[in-house]
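Each remark here refers to the structure printed beneath this line.
Rule-based calculations on the coordinates, nothing more; no lab input. Just so you know, these numbers come straight off a predicted model, no measurement behind them. All Cβ positions, glycine included, derive from the backbone under ideal geometry; neighbour counts span all protein chains shown.
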Amino acid sequence: MSPGKRLKRPSKYESSADEALDPGVYEGLAGVRLVMRRFLSFSEAAVSEAGVTSQQYQALLVIKVAPRGQIMVRDLADQMLIKHHGAVQLVDRLTTAGLALRIPSPEDKRSVLVGLTPQGDALVERLAKTHLRGMLANEQLLIESLKRLRHLAKLG
């Protein structure tokens, strides 16, 4: 899937408007949503404790995984599903906090790349470890819920 593109629901999972869903679908969806709510609540607390917002943490992750650890602001906006001027403001906040820096593009002098500072790299490393632990804490419920949904989708 290309960055910034939204997932489309596969047609085999669609049902007609008058066709009732199997009750297990609701259980599976509720389980997935519970895991997501738990994780997002956990994540909000973790990033807040670290002194950043969820959006800033997401931006740090996007920059971290970009080729050579650098990304153009417009590509950051696409990855974050935000407008270009919102990405510029986000980068402003990250640079003010000492977590990111602007780097002139070697190919196009009008363009600016964004990279992580050593402080930003250390923060994203620490938060990623914390988030991985938090995500794995709900692994079993997520697996069971997704298996239930996959099984029921194959039946339908």
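Given labels modelled 7 Å from the Cα in the Cβ direction, how far is it in nm from Gln89 to Leu21?
Label at Gln89, label at Leu21, 3.5 nm between them.
How charged is the neighbourhood of Leu123? Take every other residue with its Cβ under 13 Å from the Cβ of Leu123, and add Lys/Arg as +1 and Asp/Glu as -1.
For residues surrounding Leu123, the net value is 0.
Could you tally up the Lys pairs in the chain with alpha carbons closer than 19 Å? Skip any pair fewer than 8 positions apart unless they're on separate chains. Don't skip to the answer; put the middle values down first.
Working: Lys5/Lys83; Lys8/Lys154; Lys12/Lys147; Lys12/Lys154; Lys64/Lys129.
For the chain, qualifying lysine pairs total 5.
Diagonalise the Cα gyration tensor of region 22-155 and give the resulting equivalent ellipsoid semi-axes, square root of 5 times each eigenvalue, largest first, whole Å. Let's see the in-between values first.
Working: eigenvalues 244, 60, 29 Å².
That gives 35, 17, 12 Å for the three semi-axes.
Using a Förster radius of 35 Å, what is the FRET efficiency between Ser111 and Ser54 based on their Cβ-Cβ separation? Nearest 0.05, please.
0.80
So, R0 is 30 Å and r is the distance between the beta-carbons of Ala137 and Leu81; what FRET efficiency does that work out to, to 0.05? Write out the running numbers ahead of the final one.
Numbers: r = 27 Å, r/R0 = 0.89.
E(calc), rounded to 0.05, equals 0.65.
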